[in-house]
1. Pick from 100, 60: which is under 15 Å from residue 123 (Cα atoms), of a type in the set (Lys, Arg) and modelled with pLDDT of 85 or more?
2. Looking only at residues in the stretch 24-39 that are among the hydrophobic types (A, V, I, L, M, F, W, C) and modelled with pLDDT of 65 or more, which one is surrounded by the fewest Cβ atoms within 10 Å (Cβ to Cβ)?
3. State which residue pairs qualify: first residue closer than 15 Å to residue 102 by Cβ and inside the stretch 78-92, second residue in a loop (DSSP other than H, G, I, E, B) in any location, beta carbons under 7 Å apart, and separation of 6 or more residues or different chains.
4. Part of a loop (DSSP other than H, G, I, E, B), farther than 18 Å from residue 105 by Cα and open to solvent by 80 Å² or more (accessible area, probe 1.4 Å): does that describe residue 42?
5. Out of the residues in the stretch 115-129 that are more than 18 Å from residue 72 (Cβ to Cβ) and crowded, with 20+ Cβ neighbours inside 10 Å, state the one that is modelled with the lowest pLDDT.
Amino acid sequence: MSGRGGWALGGLSGGGGGLAFKGARGGGGREGAIYLRRIDSPAPVHIGEGYGDALSPDGKWILAHNGLKLMMLPVGPGEARELKLAGNFDHGAQWLPDSKHVVIGGALPKTGYRLLLIDTLDESVSPLTPVNNWANTIRPFAHSADPRYVAGMPGYDMLPLYSVDGSGTP
């Protein structure tokens, strides 16, 4: 796969069997296009329109932005579904290893920017960090190999760990 034409990586499946990527400009049209390329397949498969944030670790879903909507796009058979969530969410989400929860930066109604945990099954959102956890970067967080913790960047001189289940303070 060539990196020309505005392509960007969206994620690699947990076992390394699939690679999600998105195209913009010449590679994906005005709204962008989301593709999946299986490592054992010569051609990418068009999954949907928008900006593909992340491929789930089990390789079954791509979390995507389509305009302001957050979407779950199935990699195989099934229907795409919109996550009915109020708020504004950044690009650059990360799935947790359970393939059910996503960490994303964003702002819920009447609050400031923070890191959030989205349960993609019941469409609930839980704050992970205090408001204004932001460090002027594309994705101001990373989850650890131990999925109980997320590192956030509330400033350039700090990198606290936050508990995903909400227990404790950084």
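The values are calculated or read from the model by the stated rules, or taken from the named source; none is laboratory data. Remember, it's a predicted structure, so these values are computed and weren't measured experimentally. No Cβ is skipped: glycine too gets one built from the backbone with ideal geometry, and neighbour counts run over all protein chains shown. The accessibility values were calculated without ligands, DNA or RNA, using every heavy atom of the protein model including side chains. Shrake-Rupley method; radii C 1.70, N 1.55, O 1.52, S 1.80 Å.
1. Answer to the check: 100.
2. 39
3. 83/120; 83/123; 84/123; 85/123; 87/108; 87/109; 92/138; 92/139
4. When the stated conditions are applied, residue 42 passes them.
5. Among residues in the stretch 115-129 that are more than 18 Å from residue 72 (Cβ to Cβ) and crowded, with 20+ Cβ neighbours inside 10 Å, the one modelled with the lowest pLDDT is 129.
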